[in-house]
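The values are calculated or read from the model by the stated rules, or taken from the named source; none is laboratory data. Since we're looking at a predicted model, the values are computed, not measured. Backbone-built Cβ (ideal geometry, glycine too); neighbour counts: all protein chains shown.
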Amino acid sequence: MDIITSSSVTASALNAEKMRLDVVSENIANANTTRGTDGKAYQRKSISFESVMDANSGTGVRVSNIKKDESPGAKINNPSHPHAGKDGMVEMPNVNVAYEMVDLISATRSYEANLAVFRNSRQMASSALSIGR
């Protein structure tokens, strides 16, 4: 594997982890959004990756799917809330902030690991170029 190929693999992983961080951040930001543009409580989003190994797009990883989690959110009794139904219940988003924080830490660590691989690869290439001097 040459330096260009390894760099493109690492770059694709960095882009995928960045998308994962964006999705997790959106989930955390909307953890209390009881009414979106569709009139419903926010639905948590999840992201899926897939490996890419073909001649056209090279090797690496990419985002294959970002989908909404259709599981229902908790209902709380708050008759004074502006989005409460006739029964006084408010449907909350299905976002578990603790789970999202764990996912955020995992994505951050993966991003940092891929960044370290990229830096080490660049350093090895630089060292290899300086051998003939």
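Points to keep in mind about this one:
- Single condition PRO93 does not satisfy, out of (1) touching a Phe, Trp or Tyr at 6+ places or on another chain (Cβ under 7 Å); (2) exposed (fewer than 14 other Cβ atoms within 10 Å of the Cβ); (3) not polar (S, T, N, Q): (2)
- Here VAL63 meets each of (1) closer than 26 Å to LEU21 by Cβ; (2) among the hydrophobic types (A, V, I, L, M, F, W, C); (3) out of contact with any Phe, Trp or Tyr (no Cβ under 8 Å at 6 or more places or on another chain) with one exception, condition (3).
- Any hit, the range 67-82, residues being in contact with a Ser or Thr (Cβ under 9 Å, 6 or more places away or on another chain), surrounded by fewer than 13 Cβ atoms within 10 Å (Cβ to Cβ) and in a strand (DSSP E or B): yes
- Verdict on ALA13 being assigned to a helix (DSSP H, G or I), among the small types (Gly, Ala, Ser), modelled with pLDDT of 90 or more and in contact with a strand residue (DSSP E or B) (Cβ under 7 Å, 6 or more places away or on another chain): yes
- Whether a residue is closer than 30 Å to ALA125 by Cβ, exposed (fewer than 15 other Cβ atoms within 10 Å of the Cβ) and touching a helix residue (DSSP H, G or I) at 6+ places or on another chain (Cβ under 9 Å) was assessed, and THR108 passes this test.
- Of the criteria (1) part of a loop (DSSP other than H, G, I, E, B); (2) modelled with pLDDT of 95 or more, which one ASN27 fails: (1)
- Top-ranked residue of the range 39-66 - restricted to ones that are in a loop (DSSP other than H, G, I, E, B) and basic (Lys, Arg), ranked as surrounded by the most Cβ atoms within 10 Å (Cβ to Cβ): ARG44
- For PHE118, the conditions (1) surrounded by 15 or more Cβ atoms within 10 Å (Cβ to Cβ); (2) assigned to a loop (DSSP other than H, G, I, E, B) all hold with the exception of (2).
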